[in-house]
Structure formats: structure tokens, C-alpha cells
1. Under a plain spin-label model, where a point goes 7 Å from the Cα along Cα-to-Cβ, how far apart in nm are Arg30 and Gln109?
2. When ligands, DNA and RNA are left out and all protein chains stay put, how many square angstrom of accessible area per residue does the chain have with a 1.4 Å probe?
3. Using only the alpha-carbon atoms of the stretch 40-79, report the extent along each of the three principal axes, biggest first, to the nearest angstrom.
4. In whole percent, how big is the carbon plus sulfur part of the accessible area of the chain, probe 1.4 Å, protein atoms only?
5. Gain in length, Ser17 to Arg53, computed as 0.36 nm per residue apart minus the alpha-carbon separation, to one decimal in nm?
6. Quick one: pull the percentage of alpha-carbon pairs in the chain with a separation above 25 Å.
7. Set the Förster distance to 25 Å, then compute FRET efficiency between Ile100 and Lys75 from the Cβ-Cβ distance, nearest 0.05.
8. Based on the Cβ-Cβ distance of Ser62 and Gln3, what FRET efficiency does E = 1/(1 + (r/R0)^6) give at R0 = 30 Å, to the nearest 0.05?
Amino acid sequence: QVQLVESGGGLVQPGGSLRLSCVASGVIGRINTVGWYHQAPGKQRELVATITRTGSINYADSVKGRFTISRDNAKNTVYLQMNSLRPEDTAVYYCNAGDIITKINYWGQGTQVTVSS
């Protein structure tokens, strides 16, 4: 079992910044890739960014140049630095991690990000 806990969401004005954190606990030795996803009201959950244990990174086109994903393996934590936020970034942001042996996908409870003036 893996537990993921997100934090760092909130209300921010357009152009502002937030940093999200995802702390993993449990059987984390079998996790390679950790990802951030977001889900806006009435829409499907979408990929924002992923990072592997060795640091390979992938971003959705909509966030390239504005968001930065990073990880601290010693702290079992993955971060999402979000800059130049836009109203369309408003969503619940979820952390995801996959067990490479069991193929089980784990999700956190989500953290709300609201970008509004």
C-alpha cells in the first residue's frame, strides 16, 4: 500500500504562484513515476506533469514554461511549482504514483487550486 498526501493548494490571483507538495508513505520502493493531474469541474482528469525516480520529466503543453515538477527522494516528496497562474488552471490537483510490480495506481485526496481575482 502507498499513501499520498497533497498540500499547498489555495486561492491565488492570476499571475500568482503556488507550490504543491505530495508526500508518499508506505511501500514506496516500487514507485518509479510520480505525476500531478488536475480535474476542473465537469471535466476529465488530465495529466499536468510527471517525474521519474531518475529525474526524467514530462509536462502537458498547457503548463510548459510555467510549472516545474521536482522530487526529493530523501523526503519522499514531489513538488509542483506553479507560476504565472491563469484562471483556467483552477482545478483540484491530484498526486499519482504507480507500483511497478503490482501495476496498482495510487491517488491522493487532492488539493484545490483556485485562480481568481
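The values are calculated or read from the model by the stated rules, or taken from the named source; none is laboratory data. Note that the coordinates shown come from a computational prediction; the quantities given were computed from them, not determined experimentally. Cβ: placed from backbone, ideal geometry, glycine included. Neighbour counts: every protein chain shown. Accessible surface areas use protein heavy atoms only, side chains included; no ligands, DNA or RNA. Shrake-Rupley method; radii C 1.70, N 1.55, O 1.52, S 1.80 Å.
1. 2.5
2. With the other protein chains kept in place, the chain gives 53 Å² per residue.
3. Principal axes ranked by extent give 37, 20, 14 Å for the Cα atoms.
4. Ligands and nucleic acids excluded, carbon and sulfur reach 49 percent.
5. Length gained between Ser17 and Arg53: 10.4 nm.
6. The share of Cα pairs beyond 25 Å in the chain comes to 17 percent.
7. Efficiency, from the Cβ-Cβ distance: 0.75.
8. 0.55
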